[in-house]
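Read through the structure below, which is laid out as structure tokens, and then see the notes.
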Amino acid sequence: MPYSTLLFEKSDGVATLTLNRPEKSNAFNDTLIAEMIDALKTIERDGEVRAVVVTGAGKNFCSGQDLGSFMEAYQKPGGVNFAAHLRTSYNVMIPRMRVLEKPIIAAINGAVAGAGLGFACGCDLRFASENAKFRMAFVGIGLAPDSGTSYFLPRIIGLGRALEMAMTNELADAAKALQIGLANRVYTAEELLPKTLEFAKQLAQMPTKAIGLTKRAFAKSMYVDLDSALENEGLLQEIAGHSEDHIEGVKAFLEKRAPVFKGK
């Protein structure tokens, strides 16, 4: 379906989602969040899509929440109901990204801050342009973390570094992000999207079900003990072991040829 704030392209097993509010540095408003949720639902149902790339139009990736949309509410006696807004927006979108059993790669082409950083951290991998700049941003306007940043950031870069980014509101450039593990790879601005799409197309030829189960295993391992994680691995392996791709992988190994995975 056509979107007004999001571009959706599909090619070679990869869906590319482009946040398309460049005049607002691709800040999230209600429409963009709703369209992203809808696109994720579409991708989940589409067996042809086996990997996802998200990026931003223009020079920035995503500056976070569009606070301009709150201005009218700020003038009212009760102000903005932040909790209600989060429950119907980021608290719906971010979990849907995590349960999508297909890899999601963020191609971070410029500035990313606040809820935009939460969105990027909700992706499985983060590839960054040399021009990328990362900022928590919340304390800069007197707010606490949201959009999953308090959950993801300490797990990605460690508690101490996450607290430092959050409390100081200091900016991390691409080199720093790569050093601390916030970015998986860094490319020139010209290389970023082609290299990310190339990587995504390679993932799209991998056993998609196994990748999805891997996401599920890692997600659960974040909050359970070792015995529970081991038991969960057994349950997921039972699913993977009966997949078409596993049978193909074994046959290819025995026949000394490259496997042809179908994502099933």
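Hey, can you tell me all the residues within region 63-112 that are among the small types (Gly, Ala, Ser) and closer than 30 Å to MET206 by Cβ? If the condition is that a residue be among the small types (Gly, Ala, Ser) and closer than 30 Å to MET206 by Cβ, then ALA106, ALA107, GLY110 are the ones that fit.
Condition (residue is in a helix (DSSP H, G or I), polar (S, T, N, Q) and not assigned by TED's automatic domain parsing to the domain that holds SER129) applied to region 170-192: is it met by at least one residue? No, the conditions are met nowhere in region 170-192.
Surrounded by 15 or more Cβ atoms within 10 Å (Cβ to Cβ) and farther than 26 Å from MET97 by Cβ: does that describe GLY263?
In short, no.
When region 212-241 is filtered for residues that are charged (D, E, K, R) and touching a residue at least 24 places away in the same chain (Cβ under 8 Å), the ones remaining, listed by number, are LYS215, ARG216. Scanning region 99-148 for residues that are surrounded by fewer than 24 Cβ atoms within 10 Å (Cβ to Cβ) and charged (D, E, K, R) turns up GLU101, ASP124, GLU130, LYS133, ARG135, ASP146.
The residue list LEU197, LEU213, LEU203 contains one member that is at pLDDT 95 or above, touching a Pro at 6+ places or on another chain (Cβ under 7 Å) and surrounded by 12 or more Cβ atoms within 10 Å (Cβ to Cβ), which is LEU203.
So in region 27-53, with the set limited to residues that are of a type in the set (Gly, Ala, Ser) and surrounded by 14 or more Cβ atoms within 10 Å (Cβ to Cβ), which one is farthest from VAL14 (Cα to Cα)? So the residue we want is ALA27.
Looking at this structure, is LYS262 within 30 Å of GLU9 (Cα to Cα), basic (Lys, Arg) and either touching a residue at least 40 places away in the same chain (Cβ under 8 Å) or touching a Gly at 6+ places or on another chain (Cβ under 9 Å) (or both)?
Criteria not met by LYS262.
Residues that are surrounded by fewer than 22 Cβ atoms within 10 Å (Cβ to Cβ), among the hydroxyl-bearing types (Ser, Thr, Tyr) and in contact (Cβ under 8 Å) with a residue 60 or more places away in the chain are absent from region 57-74 altogether. Restricting the first member to region 129-154 and to residues that are assigned by TED's automatic domain parsing to the domain that holds LEU67, and the second to residues that are among the acidic types (Asp, Glu) and part of a strand (DSSP E or B), the beta-carbon pairs closer than 8 Å and six or more apart or on different chains are ALA132/ASP173; LYS133/ASP173; PHE134/ASP173. Taking the numbered list (1) part of a helix (DSSP H, G or I); (2) over 26 Å from GLU198 (Cβ atoms) in turn, LEU143 passes all entries but (1).
The values are calculated or read from the model by the stated rules, or taken from the named source; none is laboratory data. Only a predicted model underlies this, so the values are computations on that prediction, with no experimental measurement involved. All Cβ positions, even for glycine, are placed from backbone atoms using ideal geometry, and neighbour counts span all protein chains on display.
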